[in-house]
Amino acid sequence: MKSRRRALTGFAVAFLILLAVPHLAERMDWPGFYLTFMFTAFFWITQSSSWNMLTGYSGYFSFGQGAWFGVGVYTTAVLAGKQGWSFLAALPLAGFTALIVGLLLGLVVFRLRSLGGEIFALTTLAVAFVLAAIARIFAAIDGGRGAFMTSVPLPEFLGEFRPAMYRMTLVIMMLTLVTAYLIYESRLGWGLFAIRDDEQVARGLGVPTFRYKMAALGANAFFGGLMGGVWALQIGFVTVEDVFSIRVPLFVILMSVLGGTRHWMGPVVGSLIIFTIVDRFNSAGFENFNQVFIGSLLILLVLAVREGIYLRIRERWVATASLFGLIIAASVIFNSSSMVWKFLWALLGILLMALIPDRAWQKLALRRRPTPSESREDRETVDA
Amino acid sequence: MSLLECQGVRKSFGGVRALSDVMMSIEEGEIVGLVGPNGSGKSTLINVLSGFFPADSGRVDFVGVDLLGQEAHEIAAHGIARTFQIPRPFATMTARENVAVSYMFGREKHSLAQARVAADEWLDFTGLASIAESNVDQLNLQQLKFLELARALATEPQLILLDEVLAGLNPAEIEGSVEMIRKIHDRGITIVIVEHVMRVVMSLSHRIVVLDQGRVIADGQPDTVMNDEAVISAYLGGKRI
């Protein structure tokens with residue numbers, strides 16, 4: 001398929017460009033936190049995109065992201081941090097351990113038909129609690145004393161700590177996004193969308209619902225766990241309270257819902273916006289206002305743009321790109337603060353633009369060019 | 001050999017027996033009307049045949065395969081499709097996407113690329129080509145019912161179970177739907193139709209099966225069946241049509 005080949009080429013190009021960033025950073029003498037900012041963004045993009053493979057695609061609402069993340073973190077913390085395995089040998093197991101836990105959960109909840117929406121959500125939340133308890137009880141895992149990752153050596157070829165984190169998270173993010181895209185463009189994806197819309201009808205038309213839900217849950221757990229495995233390094237001192245907190249599941253839900261759960265790009269856009277805002281609030285010393293701000297922003301956004309802002313942005317992509325470029329250019333000229341702040345202003349600009357309701361936007365657009373009929377056709381459709 | 005054969009099919013919900021010892025066979029190429037008063041088990045039988053409810057006991061043979069205990073998606077793969085009385089389209093998809101999904105699964109597995117082409121054929125066949133791009137919330141009832149048909153047809157079934165496709169339609173729309181059912185039958189697809197509009201069932205069906213309280217009480221030519229004493233008293237309450 002032509003469009004698929006083009007998209008995969010796009011992924012490859014994006015990967016190569018992003019791979020060059022650490023070299024560039026070194027040569028141009030960028031502040032170190034640029035890399036940290038970027039690989040933390042990669043972390044959130046991966047977490048929310050993997051969550052979306054299950055919840056966005058199949059409609060089964062999951063609070064389980066913290067569980068997959070936590071399993072991943074503790075897998076490398078135990079194997080590399082305590083048992084002295086080499087980190088790169090332990091890392092794949094972080095993904096596979098989470099995959100196994102995910103499939104076990106799937107065997108239980110998807111076999112019992114009665115486990116509908118709310119019960120499924122609560123069950124996934126409970127899994128994180130159970131795993132946290134297990135980690136706290138067994139000294140081989142944590143035992144309540146935490147686990148150190150600070151002395152784990154990283155292979156030479158990955159470079160210093162920051163570039164190494166950057167490269168590993170980049171690879172995992174690209175794998176996750178390519179998977180999310182391929183599912184989106186395949187029978188598996190469409191089967192899942194059918195399940196999301198009406199599971200019974202989907203079964204009647206021949207969708208093997210159990211297998212498909214297991215696949216979605218498995219992919220979600222695997223990538224969430226794999227990224228968790230790398231993230232243990234960034235945490236440094238791993239504790240149960242921190243790892244299994246509600247933070248990860250809550251943020252991935254907010255990010256994906258903001259960006260839009262119906263398209264694979266939605267979580268990417270949502271993660272970038274929310275992570276950047278939170279990061280800048282923290283760096284400006286407003287940690288305490290973060291939750292209030294994020295909370296109210298979300299209520300506003302979810303009410304104003306139900307389908308998520310990605311689809312809006314795509315419909316208005318010319319305006320989006322121009323606005324983004326304009327704000328970046330303006331902030332380069334008028335202020336000298338860091339690149340990340342400029343990025344924030346640009347994202348906020350896009351956010352405000354996406355908030356303009358469709359009707360008002362059409363009025364604005366009408367004045368520019370008199371072809372109102374095409375706005376509807378921008379929607380993703382199955383046409384040849 | 002019959003296309004479909006039910007023997008002693010039983011289904012209870014709690015203490016209520018919805019189907020008791022249903023015996024019925026469907027020959028290839030037939031249009032069979034399945035009628036009976038409310039609560040007689042018509043919809044339950046459709047649900048059992050399409051795998052939505054598991055039967056408690058009995059046998060359902062479809063071209064030599066026992067369907068009982070098989071999952072709905074496996075039954076679809078054997079070549080049985082159904083429609084719903086109240087249309088249940090995939091709400092976040094366009095009409096074309098609805099049909100494409102169905103073609104991807106169904107009796108044979110197809111890729112997304114193939115489905116994009118095939119969906120248009122079925123939309124054409126059901127006269128929905130002009131609304132292929134529309135979201136389903138923009139369609140009227142008849143279009144939704146035809147979309148149900150297009151979706152069922154896209155699974156490439158041998159047997160199609162139509163659950164009250166005419167309910168809620170006006171006389172003109174009913175005429176159009178009857179034409180459509182004939183067109184589907186002309187393609188060599190066997191049809192079981194559950195329907196309340198007796199005039200239509202009588203004219204469409206080659207054979208009529210009457211259910212009452214979960215039991216088959218009559219089975220035969222439309223005219224003979226509708227003059228049957230048991231049918232008149234059970235189904236028509238003593239009144240003739």
**Request:** Return the total of residues in the range B:79-99 being outside any loop (DSSP other than H, G, I, E, B) and touching a residue at least 40 places away in the same chain (Cβ under 8 Å).
**Result:** 7
**Asked** B:Phe90 fails exactly one of the following numbered conditions: (1) surrounded by 17 or more Cβ atoms within 10 Å (Cβ to Cβ); (2) of a type outside the set (D, E, K, R); (3) over 26 Å from B:Ile46 (Cα atoms); (4) within 10 Å of another protein chain (Cβ to nearest Cβ). What is the number of that condition?
**Response** (3)
**Request:** Scan A:Gly81, A:Gly72, A:Gly64 and give me the residue that is over 22 Å from A:Met165 (Cα atoms) and either of a type outside the set (A, V, I, L, M) or touching a residue at least 24 places away in the same chain (Cβ under 8 Å) (or both).
**Result:** A:Gly64
**Item:** A:Asp142 being within 14 Å of chain B (Cβ to nearest Cβ) and surrounded by 18 or more Cβ atoms within 10 Å (Cβ to Cβ)
**Value:** no
**Message:** Test of understanding: among A:Gly204, A:Gly218, A:Gly236, A:Gly229, which residue is within 21 Å of B:Val99 (Cα to Cα) and either touching a Cys at 6+ places or on another chain (Cβ under 9 Å) or of a type outside the set (Val, Ile, Thr) (or both)?
**Reply:** A:Gly204
**Message:** Being surrounded by fewer than 24 Cβ atoms within 10 Å (Cβ to Cβ), at pLDDT below 90, farther than 30 Å from A:Glu307 by Cβ and more than 8 Å from chain A (Cβ to nearest Cβ) is the requirement here; does B:Gly79 meet it?
**Reply:** no
**Prompt:** Is it true that A:Phe110 is surrounded by fewer than 22 Cβ atoms within 10 Å (Cβ to Cβ) and either assigned to a helix (DSSP H, G or I) or assigned by TED's automatic domain parsing to the domain that holds A:Ser186 (or both)?
**Reply:** yes
**Message:** Between B:Ser50, B:Ser12, which is more than 10 Å from every other protein chain (Cβ to nearest Cβ) and either modelled with pLDDT under 90 or at negative phi (or both)?
**Reply:** B:Ser12
**Asked** Does the range B:116-140 hold any residues that are in a helix (DSSP H, G or I) and at the interface with chain A (Cβ under 7 Å from one of its Cβ atoms), and which are they?
**Response** B:Arg116, B:Val117, B:Ala119
**Message:** Condition check: over 28 Å from B:Arg182 (Cβ atoms) and at pLDDT below 90. Does B:Gly36 satisfy that?
**Reply:** no
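One line per residue, one yes/no per condition, for (1) farther than 22 Å from A:Thr75 by Cα; (2) touching a strand residue (DSSP E or B) at 6+ places or on another chain (Cβ under 8 Å); (3) part of a loop (DSSP other than H, G, I, E, B); (4) without any contact (Cβ under 8 Å) to a residue 60 or more places away in the chain:
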| residue | (1), (2), (3), (4) |
| --- | --- |
| A:Gln200 | yes, no, no, yes |
| A:Val207 | yes, no, yes, yes |
| A:Lys213 | yes, no, no, no |
| A:Leu217 | no, no, no, no |
| A:Gly224 | no, no, no, no |
**Conditions (1) under 19 Å from B:Ile191 (Cβ atoms); (2) within 13 Å of another protein chain (Cβ to nearest Cβ); (3) buried (at least 22 other Cβ atoms within 10 Å of the Cβ); number of the one not met by B:Glu97** = (1)
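The values are calculated or read from the model by the stated rules, or taken from the named source; none is laboratory data. As the structure is a computational prediction, the values presented were derived from the model and not from experiment. Positions of Cβ are generated from backbone atoms using ideal geometry, with glycine treated the same way; all protein chains shown enter the neighbour counts.
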